[in-house]
Amino acid sequence: MAGPLTVPWTPPHDPETPALSVVDMHTGGEPLRIVLAGCPEVVGPTLLAKRRYMRQHLDHVRRRLMFEPRGHRDMYGAVLVPSELPDAHLGVLFLNNEGYSSMCGHAVLALGRFALDFGLVPAPPSDAQEALVNIHCPCGLVAAFVECEGGRSRGPVRFHSVPAFVLATDFLVDVPGHGKVVVDVAYGGAFYAFVSAEKLGLDVCSAKTRDLVAAASAVTEAVKAQFKINHPDSEDLAFLYGTILTDGKDTYNEEPTTNICVFADEQVDRSPTGSGVTARIALQYHKGLLELNQTRAFKSSATGSVFTGKAVREAKCGDFKAVIVEVAGQAHYTDAEVGTLQTTFLLCQLPFLQTLPPEGSCGAEKGELRLPSSLQQLQFCQELSDVQLYCSIS
């Protein structure tokens, strides 16, 4: 060899499309991709208005970050934006495989650490053991408390939620394939349906993930069709985000209680789900199963990671009795990268993919793409130099 290769800072890419600089983190195994630079300006007088603007005008950024080849079906992201609230250190828009979340606890835990380390908040005193980071989420202002040493984060983070409340208990839903199922609906920055997996014939600790996803998705669709979600503050927050299947152990116990959250477009949370823990604490407090400042541990059935949660004080949200919940976990850095775009198309969005051939048809003719049904839900990317595409996927 003549000498070592010299790698440019960014590979050749579309000059009209800025490179996206990101930092990747995870909390309890659930990923978070934080955009450092390259996202176009998100316009709007309020954070909820910015959320609407990004959905309507900048959704290509979400798709570029979340889907393959840069992401995957369960990728999660955050775009930092200015907040209109004077007490907020930063505002954030949450990205998932379907759209834009109203709250994300695992992301708040990671963002607290990120904000301190990247200088987005005033540096704490050198002897401080904890730093405050006020994060404006679409659901409201959330206070994160970051363990630190010498002004740098150590990993553990806790946050205090927006007022969390119960919308409905023991609501009977007709779930296709499962019959009548009793569910609860509670809010922890996002609305979730809660049901014991046992009522669906499953063990949340040992069942296959695909079976848990199918059951949870069936519950989500049934609740959406048979129950109206409302939020006293904003219609932007009035939607069912997903279903959390539990082990049914809601009565206080020092042992962890296990759950799995399936949200957005059948996305699986690898962590115990921070906003889900918030809502579940509110539900247990509402039912008299938990007292103020009584800490419970919540374990993810997907990874075994653990968050803790407790109701720290009572509050109100409109006419609903609510609680402020503290959730704690550990955030980790995993990567930093620069993503470029080179005339990339999401094949799943091309018109000829809207009508797929029978299962097993893998051949392709000029101008057509044929995928077996087992691959229909995957996101494929292919750089195209010609509108005529030939392919064979087995």
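If the only charges are +1 at each Lys and Arg Cβ and -1 at each Asp and Glu Cβ, what is the size of the charge dipole of segment 107-190 around the Cα centre, to the nearest 20 debye? Please report the intermediate quantities before stating the final value.
Numbers: 5 positive and 8 negative charges, 26 e Å.
So the magnitude is around 120 debye.
What does the net charge come to around G112 if you take all other residues with beta carbon closer than 14 Å to its beta carbon, with K and R at +1 and D and E at -1?
Working: positive: R113, R152, R154, R158; negative: D117, E130, E147, E326.
Summing Lys/Arg as +1 and Asp/Glu as -1 gives 0.
With a Förster radius of 45 Å, plug the Cβ-Cβ distance of S21 and A128 into 1/(1 + (r/R0)^6) and report the FRET value to the nearest 0.05.
Numbers: r = 29 Å, r/R0 = 0.64.
For R0 = 45 Å, the calculated efficiency reads 0.95.
Taking the Cβ of A144 as the center, what net charge do the other residues with Cβ under 14 Å away carry, scoring Lys and Arg +1 and Asp and Glu -1?
Details: positive: R113, R154, R158; negative: D87, D117, E130, E147, E326.
Taking every other residue near A144 into account, the sum is -2.
So which lysines pass the test for K199, namely a Cα distance under 21 Å, with those fewer than 8 places away in the same chain ruled out?
Partners within reach: K180, K208, K224, K249, K287, K299.
If you take every DSSP beta bridge whose two residues both sit in segment 171-280, what share of them, in percent to the nearest 5, is antiparallel? Walk me through the numbers on the way to the answer.
On the way: 16 of 22 bridges.
Counting only bridges with both partners in segment 171-280, antiparallel ones make up about 75 percent.
Could you calculate the FRET efficiency of H72 with D203 from 1/(1 + (r/R0)^6), where r is the beta carbon distance between them and R0 is 25 Å, rounded to 0.05?
Numbers: r = 27 Å, r/R0 = 1.06.
The formula returns an efficiency of 0.40 here.
Setting aside same-chain residues fewer than 8 positions from K228, which aspartates and glutamates have a Cα under 16 Å from its Cα?
List returned: D170, D174, D184, D236.
State the Cα centre-to-centre distance between segment 31-51 and segment 127-168 in whole Å.
The distance from the Cα centre of segment 31-51 to that of segment 127-168 comes to 20 Å.
At a 1.4 Å probe radius, which order do K310, K199 fall into by accessible area, largest first? Intermediate results must be reported in sequence, preceding the final value.
Values: K310 50, K199 115 Å².
Final ranking, largest accessible area leading: K199, K310.
Leaving ligands, DNA and RNA out of it, work out the accessible area of F67 with a 1.4 Å probe and give it in Å² to the nearest 10.
20
Summing Lys, Arg as +1 and Asp, Glu as -1, what charge do residues with Cβ under 15 Å from the Cβ of P256 carry, P256 excluded?
Values: positive: K249, R280, R296, K299, K310; negative: D247, D250, E254, E255.
It works out to a net charge of +1.
Please find the FRET efficiency linking T340 to R210, where r is the Cβ-Cβ separation and R0 is fixed at 45 Å, and quote it to the nearest 0.05.
Numbers: r = 34 Å, r/R0 = 0.75.
Computed FRET efficiency for T340 and R210: 0.85.
The values are calculated or read from the model by the stated rules, or taken from the named source; none is laboratory data. These numbers were taken from a predicted model, which means no experiment stands behind them. Positions of Cβ are generated from backbone atoms using ideal geometry, with glycine treated the same way; all protein chains shown enter the neighbour counts. What goes into the accessible areas is simple: the full protein's heavy atoms, side chains included, and nothing from ligands, DNA or RNA. Shrake-Rupley method; radii C 1.70, N 1.55, O 1.52, S 1.80 Å.
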